[in-house]
Amino acid sequence: MDSEHWRAVITAAQAGDRRALDELVAGWLPLVYNIVGRALNGHADVDDVVQETMLRAVGNLGSLRDPDSFRSWLVAIAMRQIRDRARRKTPDRLEEAPASDFADLTVLRLQLEGQRREVAEAVRWLDGEDRQLLSLWWLEVAGELTRRELAAALGITRQHAAVRVQRMKERLETSRGIVRALDGACPGLRELTGRWDGRPDSVWRKRLARHIRGCGYCGDIREAVVPAERLLVGIALVPLPVGFTLSLAFGGKTAVAVTSAGWSAKLLGALTKPAVAVTASATIVAGGAYVVTQPPDAPPPRAAIAPTATATSEPPRTSAQPAPTPTSSPSAATKTDPYGTVVDAVDRAPDPDTRPAALPRRPESGITSTGGPKAVMQHRGDRVTLTGRGYVLVRWQISPGSRPGALVMPSWTGLKGRLFHVASGGWRRMDDPLPGAPNGYATGMGGPDIGYAVLPPGTQQMWQNEYFYLDGTVTLTQNERGCDYGLTVFPSDRDAVVGDINEGPADGALRYGLVRDTGTDSAPVPQYVTRETPADPATVPQRSRV
């Protein structure tokens, strides 16, 4: 950032220039958001800590003597708020899950791939103090902070900061190895993680690191590992979420803070006038509340696209809006029940030569997955959490020759938002004959010589590839018990779905795909779905009404 420009802006804001204060908050809010978001890994308190940091900075701006030290002063305030939040945590909140995992946000919004994605996801495995330090070091390497500012924010010398950074980097590299190993297919690691609940912590970091050190498979690095500091050079800040609101309403406590900081009556009066002043990326609205919007030259947000001309007249909802209460009837969906029908009813397979219907268009902004771009779930209790708006592929692989019998369907739990079953593909249903099978009688569900995988009563037959549309967040859990099966979960997109259901493999499709999304929000939801998070997802009732 241009130091001369910001010196002038800070000086003007201290003198009571409302537009300068507006620009100051808008310009430095992303830096604070990145520090707090990464230090707390997207915890539900992130917004509160960001707001308190900016509130204190605005309230004490008059006490800042040297405008050139504004950045280190602001970062130090953010770190104090982060540490205060850690001290205030009560025991019942220690295990509270992130509201929106910041590692996922970093990967999605910065479009990170390969080893850069690996570094972002490794942050989950660091302890709180290491994450706090990394939130500053990340910005130092990216060119947003200096080592002097990093040390000042922590209240330590530069020499001490160098020692702490080196130790943190060692633990970060260990965590990168864990992310890399979990993306692999080591049988020993799968057995070890069979008792793991999927939440990174220091105990499991030590266990997994110990396994990796002694494992020839996990320790076999197939590509040169680039140091994290080289991967992060010049990387951008994670942009603020669309609609992020920073409430600095000057009334009560805030007005007192501003007044006690020695602000002029002129500035206080300007801030509390019921007016609106729009600048680069923030707006001061009535009462002095900052509402972050997009800059004027940024492309407008993608509007929700009407799926088809036959869509209902119900206005589109965002994932942040509450879902309407479903009707009590388990029958087909109506306009008052936009979450679709249940799928616990046997459906007939379409004719092999029947082409699928057109797949409606739905808004896509991308899906992030705690399992990465390819989550392989082969054991009971394996799970993956998906977040965003777009399509997800769940690929089935049943092994009746290994363990045939009753199949317990996977479950979707903790749903926030909407979830639809939109299409089936993979060129075959699981009960279709397998190419090359003896006498043509073996299917994906098994055969008379090896036994069959048996679906629960009334369950809809799976296809090799099942596609879902998510607008929100949900966790998918593998509930293997009896039948041996695996699931591979990929974030996908509409083009991939259309290509799958219409084309098939090079040697031809046994059966073209099936579109279930009608564009009227009456697509069926998957089986075993709930907004709750039960201790055992396999106990979710089969009636799949959301």
message = On the basis of being part of a strand (DSSP E or B), touching a Ser or Thr at 6+ places or on another chain (Cβ under 7 Å) and among the aromatic types (F, W, Y), does Y452 make the cut?
response = no
Breaking point among (1) crowded, with 22+ Cβ neighbours inside 10 Å; (2) touching a helix residue (DSSP H, G or I) at 6+ places or on another chain (Cβ under 8 Å), for A375 = (2)
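Could you check, for the range 333-350, whether at least one of its residues is modelled with pLDDT of 85 or more and buried (at least 21 other Cβ atoms within 10 Å of the Cβ)?
So the first thing to find is which residues in the range 333-350 are modelled with pLDDT of 85 or more, and the list is 349-350.
With the extra rule that they be buried (at least 21 other Cβ atoms within 10 Å of the Cβ), the set shrinks to none.
No, that holds for no residue.
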Single unsatisfied condition, P526 versus (1) surrounded by fewer than 22 Cβ atoms within 10 Å (Cβ to Cβ); (2) assigned to a loop (DSSP other than H, G, I, E, B); (3) touching a residue at least 12 places away in the same chain (Cβ under 8 Å) = (1)
ask   = Of V225, V163, V233, V203, which residue is surrounded by fewer than 18 Cβ atoms within 10 Å (Cβ to Cβ), modelled with pLDDT of 90 or more and among the β-branched types (V, I, T)?
value = V163
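Yes or no, residue by residue, for (1) among the aromatic types (F, W, Y); (2) modelled with pLDDT under 90; (3) more than 20 Å from D351 (Cα to Cα); (4) open to solvent by 10 Å² or more (accessible area, probe 1.4 Å):
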site	(1), (2), (3), (4)
S424	no, no, no, no
T443	no, yes, no, yes
Y452	yes, yes, yes, yes
L455	no, yes, yes, yes
Q461	no, no, no, yes
L476	no, no, yes, no
key: Subset of the range 501-537 [more than 24 Å from the chain's Cα centre (by Cα) and more than 13 Å from V422 (Cα to Cα)]   = N502, E503, G504, P505, A506, D507, G508, A509, L510, R511, Y512
ask   = Would the range 352-366 turn up any residue that is open to solvent by 20 Å² or more (accessible area, probe 1.4 Å), in a strand (DSSP E or B) and more than 27 Å from E191 (Cα to Cα)?
value = yes
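The values are calculated or read from the model by the stated rules, or taken from the named source; none is laboratory data. Given the structure is predicted, the values throughout are model-derived calculations rather than measurements. Note: ideal-geometry Cβ built from the backbone for every residue, glycine included; neighbour counts use all protein chains shown. Only protein heavy atoms, including side chains, enter the accessible area calculation; ligands, DNA and RNA are left aside. Shrake-Rupley method; radii C 1.70, N 1.55, O 1.52, S 1.80 Å.
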